[in-house]
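The values are calculated or read from the model by the stated rules, or taken from the named source; none is laboratory data. Please read all numbers here as calculations on a predicted model, not as lab measurements. No Cβ is skipped: glycine too gets one built from the backbone with ideal geometry, and neighbour counts run over all protein chains shown. When the accessible area is computed, the model is the full protein with side chains, heavy atoms only, and any ligands, DNA or RNA have been set aside. Shrake-Rupley method; radii C 1.70, N 1.55, O 1.52, S 1.80 Å.
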Amino acid sequence: SVRNAMQGLAGTLTAILFSSILYAFPDPFHGGDVAGDGFTPVPPNCDTSTKEHMYEWQCFASSNLVAGSLQHDSNWYATNLVAFGFFGVFSAIVLSLNVVLPFKMFSLLGGINFMLNFANPGVETAKYMDLTLTSNMGVLVVLQVAGSLVAILCVLLPPRTSSNKAKILASRVTLGTVEVLAELATYYCGDAKTLRINIFNSSLGRMQKDLDEEVEKLDQSWWEYFDWGSNGIIRYLMLHHLDLIKDLDRRIAIMQDAIRAETFDQEHKEAMSGVKSHVAKVVSATGNLLLSCTAAASDGVFDDAEQRRLKTRQEDANTALDELARMWKKSRSTKGRTALSRALRTESFFLLELSTVTQQVIDYSKQVIDDDVRPKPANIAIKHLMKTIDWEKLKDPEFRNFVGRTWISLAIGWWWAVLAYRYDGTIIINIVFMMSMIPGNVLMMNLQKLQALVLGALAGVTVYRAFNSCAFMIKMLKLLCLFFYVLGTMFIARYSPEFATVGLLLAVTGSSKLLAPCEEDPLTYGQVANTQAAEFKGLKKFAFSIMVVTIVDMIMKPEAVGKQVQDHLITALDRAFTNLTNCLEMKVPEREESDTDTDPWKQSQKDTDEVIAALDKVEQLIGAADSEPRFDKCRFKKTMVVELVSQIRTLQFHVMCMVRRSEWPQTGEGGIVKMLSEMGSFKNVKEDLTDTIKATKDLTTKVVRYDGFVPMEEDELGPVINRGDLGRLTGVDELMKEFQTKRKELFKDKESTLDEDIVSRVCVVAEMMERIKMDLRGLLQISVANL
């Protein structure tokens, strides 16, 4: 509510600023001259109620646009061209800004109000922009401020701000993360495999929903304090905390996969028994530090006592990590155990990931503790404001497509309002409400809006006619109906994102009908007919708006929605395979001492973000693709796409984990993969993965692209469907034995954390290679099942 209120105010002020420049033009431009020899908006002898001139555009055209009776003078042309020129520039600038969609809507609606009236010769604009409470500008500002204040006061009594909600969500996901981590550690150090491991799936699912909501709340909270003062520090740290929790949850999900594959044999029990207590200490120290950091970041207070407490818990976490590393190195080398054996690789992977989770929390705590690292409030606010104009955003083809098709729709709506509806801005206003960032998706969205408009108008008019009397009790009943009507429609809007727009339109259209003035006398049939005619005209204009937006969208959308889904899905698949191939080919750049741009950790995060972004686009378009007409293609394979999105996401997480463990921290001899490549048996492992990658890419791409009505021929699938070795990675055990034989010096006890331990990282790389092979098998299974 606060965000929408502030966006409304900021958008209105932006429109006033631009419109003030337009209204600074000389008076002859302002709606024609006073003498009346300009354009006549309602031509004489033109009765729109007669059958002869049943439609407004016929009356308008017959009286004003037909040759020989043209009543436009030079002022009319100049006024309309100047007004449209200003509106065109204004709308292009607003649409190009890197701001949220509601801000653009408020700005455009304000600009339409001022600029369309400037062009209208039937509106007197001499004092339109005066700084008075009675001028049009003053009235608009007062109404916007009043509405914004009411919205803000409603959420402040009691306080229900986005900032507070974000803090609550941060605390909840932090506590949930700590609890899941503790449960996983306890389970993995146990004696048997139970169904309890599946309980963690639901916990991770709930945390993911909370994380998504926290992202939204943190974005909204900027509008509450604009990042000034300590609020800027709090929001900055909360954003970093959000990134941290997201990464931790990804790691926990990967750890859960490892735990699910554990057999809990005797060797596992004996190996983990020696470090069980130390694992508990690490989890406890990590949880205490993370919870303390979250509390400190949430209140924005960093006094000496709090910093001492955080430093103490930071030291506890470091001590616990050192003890765990020392005891695990000792445990894995006793009783003739082989550190790289298949029986202990999963244990090494689990403990290394646990150590990394703790190290990430320690690194985050340094931002909270260190005054030099902690951001300065003013810098945060300025940086956020500077992002309003983002040149990189303008290079995005999809964003440029949004700007272009929306601008063209607005331009058509402008001239339709001028030439066909005598400056009635209903059509262009509807077009503003129909803006969509997703090309090819506007038709279904706008049909839902039309449905909501019809139902809202019907409900509002019906209830109003039942309570249109001016009697006191009737007025009270009408207000009571209004309260419950808005309550019900807002419940629909908030119940599901799918019906958010529908619920809001039901509330707006129905409430406006209920708020109409009461009538002393009952409505006559003629008045009822006029009301119905007005409603029909409103629906007709809305339908025209849908037609404009849909035609422009169909012409300017890059491709059919189903084709866009295919492109984004294959893009994600190609990027994931490219990241994997680069790691196997040792093309991941090694980080220089002073060069953070080549940091494999950050680069792997960037690569993962690109894959996830492509998958997110797929998920956004699935609904539209499933409902678009496909006359020459088979039905959209929604189930296959959903399964592939999940499998590709898991594949990329495993690739990211392998890249990070291979390349960072530096080994002094290049990455772990480079060290393994010096072994003779690495060739078999690499060939198996490379061949499977190529076969998976070819087959999955063919299946995703295939839109035929009959199943694909088996000849098109390739020889991969006859392979019987897809369930295991060839030569990985031999590679580990060879590595341990030739690099014995690496297995001597050294003072280092597990994160720096090369042997532990070799275990993770081997584990991830096997899991990636299983991921490739999963992609093939999904593809073959959806021919």
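Structural remarks
- When peptides 703-709, 652-658 are sorted by average Cβ neighbour count within 10 Å, with the highest value leading, the order is 652-658, 703-709.
- The mean of 1/r over all distinct Cα pairs in the stretch 704-787, once inverted, gives the Kirkwood hydrodynamic radius of 16.2 Å.
- Mean Cα-pair separation over length for the stretch 150-299, i.e. relative contact order, pairs under 8 Å, 6 or more apart, %: 41 percent
- Estimated FRET transfer efficiency (Ile551, Glu714; beta-carbon r; R0 41 Å; 0.05): 0.45
- Dipole magnitude of the chain about its Cα centre (Cβ charges: Lys, Arg +1; Asp, Glu -1), debye to nearest 20: 1360 debye
- Accessible carbon and sulfur surface of the stretch 90-185 relative to its total accessible area, %, 1.4 Å: 69 percent
- Unit charges at the beta carbon, dipole of the stretch 671-764: most positive-side option, Thr696, Val764, Ser677: Ser677
- Within the stretch 453-554, the GluC sites (Glu not before Pro) that combine a DSSP coil assignment with at most 15 other C-beta atoms in a 10 angstrom radius are Glu519, Glu520.
- Considering only alpha-carbon pairs that sit under 8 angstrom and 6 or more positions apart, the relative contact order computed for the stretch 300-374 is 42 percent.
- Cβ-defined net charge surrounding Ala285, 14 Å radius [Lys, Arg +1; Asp, Glu -1]: 0
- Using the Karplus relation 6.51 cos²θ - 1.76 cosθ + 1.60 with θ = phi - 60°, the per-residue 3J(HN,Hα) values for the stretch 700-711 come to 4, 4, 4, 5, 5, 6, 6, 10, x, 7, 10, x Hz, with x marking Gly and Pro.
- At full extension, Leu539 and Ser277 could sit 87.3 nm farther apart than now, given 0.36 nm per residue minus the alpha carbon distance.
- Computed helical MRE - 222 nm, the chain, DSSP H runs ≥ 4 contributing -39500 (n - 2.57), nearest 500: -24000 deg cm²/dmol
- At R0 = 41 Å, FRET efficiency that the Cβ-Cβ distance of Thr388 and Ala182 yields, to 0.05: 0.45
- In this label model, Met437 and Val89 are separated by 2.8 nm, measuring between points 7 Å along each Cα→Cβ vector.
- Extended-chain gain in nm, criterion 0.36 nm per residue less alpha-carbon gap, Asp303 and Asn318: 3.1 nm
- Working ranking of peptides 257-266, 316-325, 769-778, 471-480 by packing, defined as the average number of other Cβ atoms within 10 Å per residue, highest first, is 769-778, 316-325, 257-266, 471-480.
- In this structure, the residue pairs whose Cα-Cα separation is over 28 Å, taken from Lys276/Lys311; Lys366/Lys674; Lys366/Lys602; Lys633/Lys686, are Lys366/Lys674; Lys633/Lys686.
- For the stretch 515-527, 3J(HN,Hα) per residue [Karplus equation, 6.51 cos²θ - 1.76 cosθ + 1.60, θ = phi - 60°, Hz, x = Gly/Pro]: 7, 5, x, 6, 10, 5, 10, x, 5, 7, 4, x, 5
- Once the Cα atoms are used to define both axes, helix 377-386 deviates from the longest principal axis of the chain by about 60 degrees.
- In terms of the mean number of neighbouring beta-carbon atoms within 10 Å, the peptides 716-728, 182-194 order highest first as 182-194, 716-728.
- Were the residues from Lys209 through Ser469 laid out at 0.36 nm apart, the gain over their Cα-Cα distance would be 88.8 nm.
- Mean separation of Cα contacts under 8 Å (6+ apart) over length of the chain, as relative contact order %: 12 percent
- Proximal aspartates and glutamates to Lys330, defined as alpha-carbon separation beneath 20 angstrom and excluding residues fewer than eight positions away on the same chain: Asp265, Glu267, Glu270, Asp322, Glu347, Glu353, Glu745, Asp749, Glu751, Asp755, Glu756, Asp757
- Based on the reciprocal of the average 1/r between different C-alpha atoms, the Kirkwood radius for the chain equals 30.9 Å.
- Tilt relative to the chain, helix 600-627 - C-alpha long axis, 0 to 90 degrees, to 10: 50 degrees
- For the stretch 448-531, taking Cα atoms only, Rg and Dmax work out to 13.7, 43 Å respectively.
- Accessible surface of the stretch 444-597 [probe 1.4 Å, protein heavy atoms]: carbon and sulfur percent: 67 percent
- Using Cβ point charges alone (K and R +1, D and E -1), the dipole size of the stretch 247-331 about the Cα centre works out to roughly 240 debye.
- Helix 500-514 vs. the chain, principal-axis angle (Cα, 0 to 90°, nearest 10): 30 degrees
- Annotation note: trypsin sites (Lys or Arg not before Pro) in the stretch 322-365 located in DSSP loop regions with a Cβ neighbour count of at most 13 within 10 Å are Lys335.
- Per residue, the convex hull spanned by the alpha carbons of the stretch 75-192 comes to 167 Å³.
- FRET efficiency for the pair Trp228 and Leu515, taken as 1/(1 + (r/R0)^6) with r the Cβ-Cβ distance and R0 = 45 Å, rounds to 0.75.
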